[in-house]
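Here is the structure we will look at.
FYI, it's all coordinate maths here, none of it is from the lab. Quick caveat, the model's predicted, so the values are computed rather than measured. As a convention, Cβ positions derive from the backbone with ideal geometry for all residues, glycine included, and neighbour counts pool all protein chains shown.
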Amino acid sequence: MAYEVDILPGVAPRLRYQVIATDTDVFPVVSSNDDVARFEAAWNAFIRNPEVTIQKVQIAGAAVYKVARLTLHGEPAIVGVDRRSKPAAAWWDTFGDGFHRSRDSRMSLDPFGRIRFRTRRFRDIPVLLGRIFAAGEIGSSGRVYGAGEYRIACRELYEKNKVERAVAKTLVNYMIDKVGLSYARDAAFRPLLDYCIGGPDPHQNGPFVGFVPGPIGIGSFDGLSVERHGLALASDGERVGGFLKLYGGSYVYRVHLGRSPDSRAFVHTTSIDYNGPGRVSA
């Protein structure tokens, strides 16, 4: 059995409110009674307007959301899918094929008080809702777990070198986008570019990729919420550095890109939502 746990800076680790459908049962789990009231408010809003954001796409540079409309009269069903400029409050959360996903469908409350569905296919959402309605009143006896310390089970180890090369590639691409290809082609960046395509890290003046504790002194980067991934590229006219952080975390990937080809000083930052309708995909 897999559970959704909030482990965020400044927040006691806890199970967020979630309703899980296994092969034989439908039941909720929760750590905080405050989340019960928040879930009920989100659930009542969803019942009044049963719509779910299932995908975000970019069309001509603008965000367009695919929203599934459901009927809850009789057997729950999807009655149509629209494209809209704004997402529905409830959303379907999925991961790429390379990620492990729980086989048990679930509905939960996200950190912003929105209903979130996690199913293998978005067409499994009405199936989950049908099982919830069929269960009637869902009891939670014995399934309330207090906030505090949770032991995390690691399913598989990541390969450190592959992750660090991916971080380096991300910052190189960001540098090309913000400063230009001719700048990135300078001989000063050749060792890093070779590293990105499988070459060695000579470890001169430290490895290309490492960690630094935040903040790093760039306000638009340091101030990101826990719901955003961030990138920063900076030069003081002598050296160029890149920074990446995930989920607004306090630890930041640092990339030594190389000596600056010219005396330009600059700072560029960007960020994306990782949680909510900004991240959902087909």
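Estimated from the Cβ-Cβ distance and a Förster radius of 22 angstrom, the FRET efficiency linking Glu40 and Arg69 is about 0.45.
Extension gain, Val267 to Val5: 0.36 nm times the residue separation minus the Cα-Cα distance gives 90.8 nm. Computed 3J(HN,Hα) for the range 80-87, one whole-Hz value per residue from the Karplus formula 6.51 cos²θ - 1.76 cosθ + 1.60 where θ = phi - 60°, is x, 10, 10, 9, 9, 7, 10, x, glycine and proline marked x. Straight-line reach from Lys66: taking Cα to Cα under 22 Å and skipping same-chain neighbours fewer than 8 places apart, the lysines in range are Lys56, Lys86.
Residues in the range 24-60 near a label at Asp82, defined as backbone nitrogen under 14 Å from the 7 Å Cα→Cβ point? What the label zone holds, given the 14 Å backbone N cut-off, is 49-54. Stretching Tyr251 away from Arg131 to a fully extended chain increases their span by 39.0 nm, per 0.36 nm per residue minus the current alpha-carbon distance.
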